[in-house]
1. Would you mind working out the magnitude of the charge dipole of chain A relative to its Cα centre, with +1 at each Lys and Arg C-beta and -1 at each Asp and Glu C-beta, to the nearest 20 Debye?
2. At 0.36 nm per residue, and after removing the present C-alpha to C-alpha distance, how many nm does the segment from B:I326 to B:Y248 gain when stretched out fully?
3. Which residue, B:G87, B:G240, B:G269, tops the fluctuation ranking in a GNM of chain B built on C-alpha contacts under 10 Å?
4. Counting partner chain Cβ atoms within 10 Å of every residue's Cβ in C:67-73, what's the average?
5. Round to a whole angstrom and tell me the spacing of the C-alpha centers of the range B:150-222 and the range B:70-95.
6. Can you classify the protein assembly as shown as rounded, prolate or oblate using the Cα gyration tensor, where a ≥ b ≥ c are the square roots of its eigenvalues, rounded means a/c under 1.5, and otherwise it's prolate if a/b beats b/c and oblate if not?
7. Per residue of C:83-95, how many C-beta atoms from partner chains lie within 10 Å of its own C-beta, taken as a mean?
8. Just to be sure I understand the model, the point goes 7 Å from the Cα along the line to the Cβ. What's the resulting A:I64 to A:R108 distance in nm?
Amino acid sequence: MEIFIQNIFNALQWGSFYALIALGYTLVYGVLLLINFAHGDIFMVGAYIAFFVATFLLGNYGVIAPGTLSGLTILMLAVPLTMILTSLVGVTLERIAYRPLRNKGAHRLYVVITALMCGLILENGNLALLGASRKKFPELLQNTVWTFGTISVTNLKVLVIFTAIAVFLFLQFVVTRTKTGMAMRAISFDKFAIPLMGIPINNIIVFTFILGSGFAGLAGLLFAMSYPILEPYMGALIGWKAFIAAVVGGIGDIRGAFLGGFLLAFVEIGVVAVFPSTLRDLMAFSVLLIILWWKPTGLFGIAKTTKI
Amino acid sequence: MQKHSFKLLLILSAAGLVAASHFQMVDQYITTVIMLMGINIILSTSLNVVNGYMGEFSCGHAGFMCVGAYVSSVLSVMLFTSNRIFGPPLLSADLSLFLFPAVILAGGLAAALTGLIVALPSFKTRGDYLAIITIAANYMIISGIENLDVIGGPRGFQGMKRVVNAMGDRLDIPWMPIWVIVGTVFCVWVIRRFVSATYGKGIIAICQDEVAAEIMSVNTNKMKVAAFMLSSGLAGIAGGLFAHVYGYVNPQSFNILKSTECLVMVYLGGMGSLSGSVLSAVLFTLLIEALRFIIPELNALAHHLHLIPDSYEIGQVWKWVIIPLILILTMQFRSEGLMGHRELSDFFPFLKRFYRMRQAD
Amino acid sequence: MALLEIKGLTQRFGGLEAVSDFNVRIEEGSLTGLIGPNGAGKTTIFNLTSGFYQPTEGEIHFGGRDTAGLKPHQITAMGVARTFQNIRLWQDMTVLDNIRVSQHYRMGYSIWDCLLQTRRFLRQEREIDRLAFELLEAMGLKDLAGERPRNLPYGLQRRVEIARAMSVRPKLLLLDEPAAGLNSSDVEGLITLVRWLQREFKITIWMIEHQMKVVMSLCSSMKVIDFGKTIAEGTPEQIQSDPKVISAYLGDENI
């Protein structure tokens, strides 16, 4: 029973990471119909940025005297800084790589390939510049274990789960209740009519990238706090998986991405609890494909009717 | 005569290559690069059938390559050599000379069947679902093989060198270059025949307007599955050749990065351009190999000019920064790939004389 | 027996009833019109007839055979061809290839014949080529065989699309607003073309059209629908004077 509850908490924590990344995929896809394959690597970059921000604030680079800031203050500062810097990376990719291609009217898939290439550059550029040595993320939050009866949970896990839920609620609010959100949804329907309605299309797209990459950065920070070893390829697999989770949830839908992320995590943790862990990916992907077989548009996706 | 001149040229240059390799006029390295080029040509042209001509987005090509590589490797090791796992050879090694193509084709067939399994659910809806199903399939295939301890699991599988050597013992000619050239020509020829026939043009129609294709009597589902199976089957052939060139396979050599390489070659060459795919495969292989030599030179130059700190070395890691960068730049300037959807003969009309095209004449 | 018989056809999209209880009998060799204001459900009826949607209720019989459950390509192979409101040619294939690909319905060879280039394959391809050229010649499009539709003027694209539909040797040709976007001289050409097609190939034609000139000079009988419901039917003269039709098109002044 205890193990079961513990596993549920683990699944919720992993699900939060998947969900946070999947949200970014789904936001960009929902607006541009672009599979932003660089997104997993933006998550990785986010973790690295968090590392540099944290070590900087801890005084490792000699600008701030070590020990002047408490762990909690550093965390409070690191969250916005990481999110801003990571969203800058995302927006940069959009500006220098995706937008010119879009403006030239290139086939959609060429933009997807460009995204894939940007991801490779981020991964390998990081490896080339920072070397293969893994980075150890400093401990910012005093690890507290809360115990309720026989169940124990760390404060970090709770923080991660609540952050994911908060981000989901925030994004759901932005997309469904605000004018900007309405514009975001409108762009995916008709890219040509939108400028005629007086909506600054490029600003909306940049805003989407800011949201997506910012929360990927947040996910990176939380991930680095939970699993404090950083390496350049950490974003690749988790990114692919989050993308698949987003599709299973119904890509383009915020609820779908959120639910898909948790679903994937529960399946994975469930598989590992029963089968040898080497079978994790195989079984998890099989389950997701079966779901897609049963519901090809994903859990929340709506089948698009072709108009003749 | 003119009608056959292209074939003649092809046969002569292939024979020249094989002879050069046989009489040690080119070293082993160059031979390997040429073989790799052939395999890449198969990969890029076959992926182009789905991603270019049909306009779908498959990103797990390496998975099918993996199936082909393992099936043909296991078959050839089982049939022709005595092995710790499979025991003594089932057939005389003499037969390897004749049965080798059959073994490779069997790998292709297995890959095509895997393609069928992947294709059936993925074409239920249009759009990017194929992308994730193929990515997932790629992971699942690799993960499945890693869990198969009989054939080495994550450690990989070997023994194919002995099959190649066995062929060499019977008749001393460079077998692998021959088979790779034959395989490459075969694949390009198959795809060419497919997409220039009325039957195969159905997939181009699907790409340009699927609704119209369905209404104008093209059985779109069947065509999609057929094209996908053809594409994955040829990838399997590439995998089989790849395994026998290196004599060793490892599940991780067919991961998403390999699939990415295939995608890159297709989009660099141009969607729906066969000669573009061939060209880009050649260029891509050359680029990767050239960087092996250029990067140390760059490093030396940078150190010489004191552009970088002495403690830092520009290593081979930069290869996978430079290649994507080159590609991104290429796409910014040629946003349809090198050739767009045109063929070489559209740029140089005189080429048309050398091979027969079914044109409106 | 009627070539096409539709009984009680109803199509709902969610809560919207796009077509409700539509009935029609189209006799062999006739030229029937289907008119109605925008959004009346005309194209939906065509989509149902060509199998692109499965009807919510009702039956469609073509040549005495129920088409329920058949895929569009199967229905096309039975002899129902159509054109589209906004031209849907394969814009980057040559005109000739547009015609060739539409011969899939009688593809008498398999993928293996294609890869091995068997005699059967070569014979079939030659046959397809011959028929395609014949048709292009007859439609006066022979000189355009090597052109891509993208580069052709709109009027010619229409003609090519009709040629493509004719290439499946249909018994019934569905024309979805063939005169839309054409200038007046093109419209004259279209009227001549449709008449000629009907005479030359002995086909039955059912057309959706807004331009009264086209419908009045071509159709022997017609149906008017509005909001999915049939509101009038008869000869062009009867339709023209029907008060319900006038109010559907012009609005009801008495309200």
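1. On the way: 19 positive and 10 negative charges, 182 e Å.
Using only the charged Cβ atoms, the result is roughly 880 debye.
2. 25.0 nm
3. In the Gaussian network model the winner is B:G87.
4. Values: counts 0, 0, 0, 0, 6, 9, 11.
That works out to 4 on average.
5. The range B:150-222 and the range B:70-95 have Cα centres spaced 23 Å from each other.
6. Working: a/c = 2.02, a/b = 1.29, b/c = 1.56.
Oblate.
7. Details: counts 2, 5, 2, 2, 2, 9, 5, 10, 3, 6, 6, 2, 1.
Mean shielding count: 4.
8. So the label points at A:I64 and A:R108 sit 4.5 nm apart.
Read-outs throughout are calculated quantities, based only on the coordinates presented, and are distinct from any laboratory measurement. What you see is a predicted model, and the numbers here were worked out from it, not measured in a lab. We place every Cβ from the backbone using ideal geometry, glycine too, and count neighbours over all the protein chains shown.
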